[in-house]
Amino acid sequence: MEVKNLRWDWDSKVNTQDLPFVKRMTPEQRQAWNQYYDTENAKLDTSRMTSKEIALWKYQRYMHDYMACILSLDRNIRESTRLSDQKGLDKNTIVMYSSDQGFYLGEHGWYDKRFMYEQSLRAPFVMKYPGVISPKTVIEDMVVNIDFAPTLLDIAGIKAPADMQGKSVLPLTQRPNLLKVGAKVCITIIMNILIRTECCLTSVSGRKDIN
């Protein structure tokens, strides 16, 4: 997981012609891919670089791609919430945003997520619940991803099965005005849950990107 060990093809996007996902591209996709990477890759001359310079080059390439991906995600989440507002659904739409874990952005000289340090152990958990959670509310209690399903059932007024692990996070919000059971509620879930993670529950509002 050290930055110096980033793969040239998969991680750094150099000599990618044999990667499975590249082979699946259409000619148009392959052309756009090559146009994006080939110019900078052509400037790369590892024979004139020290091992540290190579590691730094790999780090910059990897982080640039990672941040571009996150920016795209932010942009589309913003557009989804904007569309919800335009359709008049913002008052009865609950939005939950989370991830499977955090990510190293060079801390400890690492990338990826596979060591249990603070940066990868924590994950975002942002929830918009109109009329229940006030904007900009921050709850510091520990929440893990096995709490998500019981929370959704609680919102729907359904009792969680006895064998289901986790607890609803709604009591943490000190909910005085829960939407009535049976009310028309749309729940949008934007998450990818893979491993158990510690989260901080936060409420957001407005049109700003989620960072």
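Laboratory data are not the source of any read-out in this text; all were calculated from the coordinates shown. Small disclaimer: the values here were computed from a predicted structure and weren't measured. Here Cβ is always computed from backbone atoms with ideal geometry, including for glycine, and neighbour counts include all displayed protein chains.
Quick notes on this structure:
- Cα-based convex hull, segment 3-66, per residue volume (Å³, whole number): 86 Å³
- Every Cα-Cα pair of segment 1-153 was included, and the share exceeding 23 Å stands at 56 percent.
- Here the extension length gained between Arg24 and Val138 equals 36.7 nm, from 0.36 nm per residue of separation less the Cα-Cα distance.
- Segment Lys52-Trp33, length gained on full extension (0.36 nm per residue, minus Cα span): 4.1 nm
- Coil-residue trypsin sites (Lys or Arg not before Pro) of segment 114-152, DSSP, other Cβ within 10 Å capped at 14: Arg114, Lys136
- Taking max minus min of the alpha-carbon positions on each principal axis, segment 44-102 gives extents of 59, 22, 9 Å, largest first.
- Net charge of Cβ neighbours under 13 Å - reference Val3; Lys, Arg +1; Asp, Glu -1: 0
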